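Colleague: Mind looking over this structure? Questions follow.
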Amino acid sequence: MTNEELEHGSFEIENRIRNLMWTISGDYDLDTKPDVTSFYKSKYISIYDAIKQGAFSRFFDKDAFALYLLKKVYLGADESQLVTLGQICVEAACHDKIEKERPGVPDIRKKAFEAIMDHDFEKMLDTYTGKVKLAYMREALTGSAPADSRVIRPFEQLKRLEQAQKTEELVQAVDWFYNQMVDPTFEKRVGDLEKVLSVSTEELSGFDWQDFLEEEAAEDAYRRMQHQLADAMTSFSEKEKEKKEQEQKGGTQVIGLDDEAIAKMNSYIELNYGRSYLTPLEAERINHQICTGAHADCTLYFTDGILANMVKVNAQSEYARRTKEVNWRVYEQNRRMAKQNIDMLTNVLKRALVARNEKETYVGEFGRILPNRLWNIGRTENRKLFLQESRRYNTDFVVEVLIDGSGSQRSRQSHVALQAFMLSEALTNVGIPHRVMSFCTFWDYTVMRRFREYEDGREANLRIFEFYGSSNNRDGLAVRAAAAGLLKRDEENKILIVLSDGRPNDIVVNRPNSRNPRPYFGDYGTKDTAMEVRHLRNAGVSVLGVFTGEEGDLQAERRIFGKDFAYIRRIDNFSAVVGRYLKKQLEETCN
């Protein structure tokens, strides 16, 4: 089929779908963009989507519903997951109403569901929301209720939603599903449904929605985004994952970039992560030294963050600003617990340092003479007749704190920020110089975000609340880059503390003539990170891994850090666990 024939075919299909939608809704002014791609999976999928589009417009206020979704995304909700939940809820609320009027719809619905399950079964099994969707379709096809205990409650909620009459009921249902199934911390971090609905039109119109839009929109980008969300509500088949989604979620395939994309990369990174604090010459020198071996063709980018060195207000800067507010709110809610942890960790460090500062005495060849050893003179060759004293001071310590700032940390980013802040406060209290940085990887750029430098004062610790998770993580390169600064320090005893989830995971961008296009994840990424840790330990640096992830990734964390890693099950136990490791490092250097 030629391109012209394909375009003509798509146009015909689009017209058929649109006419069906208009017939169902009774509104011939209804403006929507039909999804013709699902037609090539099965005509029944497209036909049923059109029926639902008409029913949705007829029985509910689709613009008001899409506006709710828009506000939820504005406050940081995951767009993809939210849209999926919206689609499931719209299906539940609409199908029974239209089936009562049009007897042929149940048969079309059944054939559409069969086609979706044929094409998308494996994809739906990958996510919690997909499993709920699958259970709902199975019940429609076979009449059997789900057996999975995790799916039963949301399934029952969907069945109740079939009786919904008002758009507000749809909104409440989706909000409940998202807060229960996708992000149980959302309501605590951001606010309840009332908070979501209170977002103003001015706030939405001032937000840069270009990163979310499927097409360019010169004006009224948020209105275009609202329409895009509304159109997506009645599509029930799984979409193919696009490059942007893979970048955000931490996919593992190799992506090829053309010369135009490469030329824009630095500007994009600058726009979304803030200007670099290095000169181009300094950056080039560091990249030449560090980006070698498995990390050849990668690029390091050092920045103080988008809020400190912003190019312009955009979606990322607004997200960073809101996340900072959420992180601070979590700190305020846990201020007493945080203070107790800081005080406990401070006391542990002080006691260890006091032990180091105590005088150590031993017999030597100079010092204060010992009368009881004078008998050796002329009788033996023993020249150790003197008492010597020595003292080691805490000024020979320096610490580097490195935080995994990838997208997999988003669900716990406020707690990760709080952990790093408590650690930084305790180190500040005892006068140990330390630097705090986070890292993430986007395209072939590993972004090293600096929160405080080694000699900064206490006020710099507050910048840690600007931490948020984004994109992927190339742990081995980040550890190597952080260590480069640490190894230049004059202090004799150097400690690197890495707060991570134990999951190196990076999309590899395949530049022209790339020397190392191998995807960086799984066993390959774990081994490379473990090798960097071993190199540092061989260079005399103490490396401690603080595990912030899920229990399923503990084994990878052990492979990377060996016996020197701490698993923080509860944040209120942070000081006890980390303090035990730091005390050990301080005491061992006394011997």
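The values are calculated or read from the model by the stated rules, or taken from the named source; none is laboratory data. Since this is a predicted model, take the numbers as computed values, not measurements. When we count neighbours, we look across all protein chains shown, and the Cβ atoms used for this are built from the backbone with ideal geometry, even at glycine. Just so you know, the surface numbers come from the protein's heavy atoms only, side chains and all, with ligands and any DNA or RNA stripped out. Shrake-Rupley method; radii C 1.70, N 1.55, O 1.52, S 1.80 Å.
Colleague: When you check PRO146 against the structure, is it within 19 Å of VAL90 (Cα to Cα) and either surrounded by 16 or more Cβ atoms within 10 Å (Cβ to Cβ) or free of Cβ contacts under 8 Å to residues at least 40 places away in the same chain (or both), yes or no? So that I can check it myself, show each step before the final result.
Modeller: Details: within 19 Å of VAL90 (Cα to Cα): no; either surrounded by 16 or more Cβ atoms within 10 Å (Cβ to Cβ) or free of Cβ contacts under 8 Å to residues at least 40 places away in the same chain (or both): yes.
Answer is no for this residue.
Colleague: Could you go through region 54-62 and let me know if any residue there is at pLDDT below 85, crowded, with 19+ Cβ neighbours inside 10 Å and outside any helix (DSSP H, G or I).
Modeller: Scanning region 54-62, I find no residue that is at pLDDT below 85, crowded, with 19+ Cβ neighbours inside 10 Å and outside any helix (DSSP H, G or I), so the answer is no.
Colleague: Same structure, new question: Would you confirm, using the coordinates I've provided, whether GLU400 is closer than 19 Å to ILE306 by Cα and more than 21 Å from the chain's Cα centre (by Cα)?
Modeller: Spelling it out, it is not the case that GLU400 is closer than 19 Å to ILE306 by Cα and more than 21 Å from the chain's Cα centre (by Cα).
Colleague: Quick one: what pairs do we get from region 532-558, first residue on the phi < 0 side of the Ramachandran plot, second open to solvent by 40 Å² or more (accessible area, probe 1.4 Å) and in a loop (DSSP other than H, G, I, E, B), C-beta under 6 Å, 6+ apart or different chains?
Modeller: Pairs that qualify, where the first residue is on the phi < 0 side of the Ramachandran plot and the partner is open to solvent by 40 Å² or more (accessible area, probe 1.4 Å) and in a loop (DSSP other than H, G, I, E, B), are ASP553/ARG503.
Colleague: Which residue, of GLU168, GLU187, GLU114, is in a helix (DSSP H, G or I), modelled with pLDDT of 90 or more and out of contact with any Pro (no Cβ under 9 Å at 6 or more places or on another chain)?
Modeller: Step by step, each of GLU168, GLU187, GLU114 is checked, and only GLU168 is in a helix (DSSP H, G or I), modelled with pLDDT of 90 or more and out of contact with any Pro (no Cβ under 9 Å at 6 or more places or on another chain).
Per-residue answers, yes or no, for (1) under 29 Å from HIS415 (Cα atoms); (2) modelled with pLDDT of 80 or more; (3) in contact with a Lys or Arg (Cβ under 8 Å, 6 or more places away or on another chain):
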| position | (1), (2), (3) |
| --- | --- |
| ALA484 | yes, yes, no |
| GLU491 | no, yes, no |
| ILE497 | yes, yes, no |
| ASP501 | yes, yes, no |
| ASP506 | yes, no, yes |
| PRO512 | no, no, no |
| ARG518 | no, no, no |
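Colleague: Out of all the residues in region 155-166, which are closer than 15 Å to HIS95 by Cα and buried (at least 16 other Cβ atoms within 10 Å of the Cβ)?
Modeller: LEU158, LEU161, ALA164
Colleague: Specify which of the listed residues (PHE439, PHE386, PHE397) is surrounded by 16 or more Cβ atoms within 10 Å (Cβ to Cβ), touching a strand residue (DSSP E or B) at 6+ places or on another chain (Cβ under 8 Å) and modelled with pLDDT under 95.
Modeller: So the residue among PHE439, PHE386, PHE397 that is surrounded by 16 or more Cβ atoms within 10 Å (Cβ to Cβ), touching a strand residue (DSSP E or B) at 6+ places or on another chain (Cβ under 8 Å) and modelled with pLDDT under 95 is PHE397.
Colleague: Further, regarding this structure: Can you tell me which residue is modelled with the highest pLDDT among those in region 190-227 that are of a type in the set (S, T, N, Q) and closer than 30 Å to PRO154 by Cα?
Modeller: SER198
Colleague: Here's something else I'd like to know. Would you confirm, using the coordinates I've provided, whether SER424 is out of contact with any Cys (no Cβ under 8 Å at 6 or more places or on another chain) and of a type in the set (Ser, Thr, Tyr)?
Modeller: In short, yes.
Colleague: Identify, please: which residue in region 466-504 is small (Gly, Ala, Ser) and part of a helix (DSSP H, G or I) and is, among those, surrounded by the fewest Cβ atoms within 10 Å (Cβ to Cβ)?
Modeller: ALA484
Colleague: Can you tell me which residue among ARG449, ARG412 is of a type in the set (Lys, Arg) and either free of Cβ contacts under 8 Å to residues at least 12 places away in the same chain or not in a helix (DSSP H, G or I) (or both)? Walk me through how you get there before you give the answer.
Modeller: Numbers: ARG412 fails: either free of Cβ contacts under 8 Å to residues at least 12 places away in the same chain or not in a helix (DSSP H, G or I) (or both).
Unique residue meeting the criteria: ARG449.
For (1) closer than 30 Å to ALA530 by Cα; (2) outside any strand (DSSP E or B); (3) open to solvent by 30 Å² or more (accessible area, probe 1.4 Å), each residue gets a yes or a no:
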site: GLU284; (1), (2), (3): yes, yes, yes
site: LEU307; (1), (2), (3): no, yes, yes
site: GLU325; (1), (2), (3): no, yes, yes
site: ARG329; (1), (2), (3): no, yes, yes
site: GLU332; (1), (2), (3): no, yes, yes
site: ALA338; (1), (2), (3): no, yes, no
site: ASN341; (1), (2), (3): yes, yes, no
site: MET344; (1), (2), (3): no, yes, yes
site: VAL354; (1), (2), (3): no, yes, yes
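Colleague: Taking interchain pairs and intrachain pairs at least six residues apart, which have beta carbon atoms under 7 angstrom, with the first residue in region 382-395 and closer than 17 Å to PRO371 by Cβ and in a strand (DSSP E or B) and the second open to solvent by less than 40 Å² (accessible area, probe 1.4 Å) and modelled with pLDDT of 55 or more?
Modeller: Taking only residues 6 or more apart or on different chains, the pairs are PHE386/GLY364; PHE386/LEU370; LEU387/LEU370; GLN388/GLY364.
Colleague: Take VAL90 and decide whether it is crowded, with 20+ Cβ neighbours inside 10 Å, out of contact with any Phe, Trp or Tyr (no Cβ under 6 Å at 6 or more places or on another chain) and assigned to a helix (DSSP H, G or I). So that I can check it myself, show each step before the final result.
Modeller: Working: crowded, with 20+ Cβ neighbours inside 10 Å: yes; out of contact with any Phe, Trp or Tyr (no Cβ under 6 Å at 6 or more places or on another chain): no; assigned to a helix (DSSP H, G or I): yes.
No; evaluated as a whole, the condition is false for this residue.
Colleague: Is it the case that SER317 is under 15 Å from ARG449 (Cα atoms), modelled with pLDDT under 90 and either out of contact with any Asp or Glu (no Cβ under 9 Å at 6 or more places or on another chain) or buried (at least 16 other Cβ atoms within 10 Å of the Cβ) (or both)? Step through it out loud before you land on a result.
Modeller: On the way: under 15 Å from ARG449 (Cα atoms): yes; modelled with pLDDT under 90: yes; either out of contact with any Asp or Glu (no Cβ under 9 Å at 6 or more places or on another chain) or buried (at least 16 other Cβ atoms within 10 Å of the Cβ) (or both): yes.
Considered against the rule, which asks whether it is under 15 Å from ARG449 (Cα atoms), modelled with pLDDT under 90 and either out of contact with any Asp or Glu (no Cβ under 9 Å at 6 or more places or on another chain) or buried (at least 16 other Cβ atoms within 10 Å of the Cβ) (or both), SER317 comes out as yes.
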